[in-house]
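One structure below.
The values are calculated or read from the model by the stated rules, or taken from the named source; none is laboratory data. It should be emphasised that the depicted structure is a prediction, and the values quoted were computed from it without experimental measurement. Cβ placement follows ideal geometry from the backbone for every residue including glycine, while neighbour counts extend to all protein chains displayed. Areas reflect the complete protein model, heavy atoms only, side chains present, ligands, DNA and RNA absent. Shrake-Rupley method; radii C 1.70, N 1.55, O 1.52, S 1.80 Å.
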Amino acid sequence: MSELRELYQEVIIDHGRHPRNFGVLDCASYHQEGFNPLCGDKVILHVYEVNGVVVDLKFEGSGCAISMASASLMTECLKGKSRDEIQEMFNLFHRWVTEDADESVSKEKLGKLTVLGGVREFPARVKCATLAWHTLRAGLEGENRRVSTE
Ligand code: ZN
């Protein structure tokens, strides 16, 4: 178990230090900003959506390793997904980091996102891990305002 934990941490540290899909997206359909005041994490998502499918997404921001790794992993996993699929992923991910979710179903659907499951034991960290997701959901729902996890 501790080996697995170390592996998880490595993925988080790697994505935290070298976030994927970091930067501006010139063709973005919309932008959405999110903030986690508890930790000071900030994320701005740039989303390019065509006919209800998120064709591309990038993010900018700053914050702790968990918030950056979560945003990085999220952008990798959600590219090419439809709004419905994203909503399903959001629900699965949220359950995964907050309560004991069905391991096999979640692992199959969430893939690498499961590395963030460790935050379950640290409620304050859940906000870091879900910031990008709440921000994306607000963007999809067209709420043109800053999202705060508080
Ligand atoms: Zn944080």
Express the carbon and sulfur contribution to the solvent-accessible surface of region 3-142 as a percent, rounded to the nearest whole number, probe 1.4 angstrom. 50 percent
Can you work out the FRET efficiency for the pair GLU6 and VAL55, with r the C-beta to C-beta distance and R0 = 30 Å, to the nearest 0.05? 0.25
Residues of region 96-125 with backbone nitrogen within less than 14 Å of a virtual label 7 Å along the Cα-to-Cβ line of ALA65, please, listed as ranges. 116, 118-119
Can you work out the accessible area per residue across region 58-97, with the rest of the protein chains kept in place, probe 1.4 Å, in square angstrom? 36 Å²
By the DSSP-based rule, helices of the chain that are at least 18 Å long along the axis (C-alpha) and have a mean Kyte score of at least -1.0 are 2-17, 65-78, 83-98, 123-140
Honestly region 72-150 on the Cα gyration tensor test (a ≥ b ≥ c root eigenvalues; a/c under 1.5 rounded, otherwise a/b vs b/c for prolate or oblate) is just oblate
Taking square-rooted eigenvalues a ≥ b ≥ c of the alpha carbon gyration tensor, is region 30-103 rounded, prolate or oblate, where a/c under 1.5 means rounded and, failing that, a/b exceeding b/c means prolate? oblate
Using only the Cα atoms of region 1-43, build the gyration tensor, take square roots of its eigenvalues as a ≥ b ≥ c, and label the shape rounded, prolate or oblate: rounded if a/c is under 1.5, else prolate if a/b is larger than b/c, else oblate. oblate
Starting from the Cα of VAL105, step 7 Å along the direction of its Cβ; do the same at CYS27; then give the gap between the two resulting points in nm. 3.6 nm
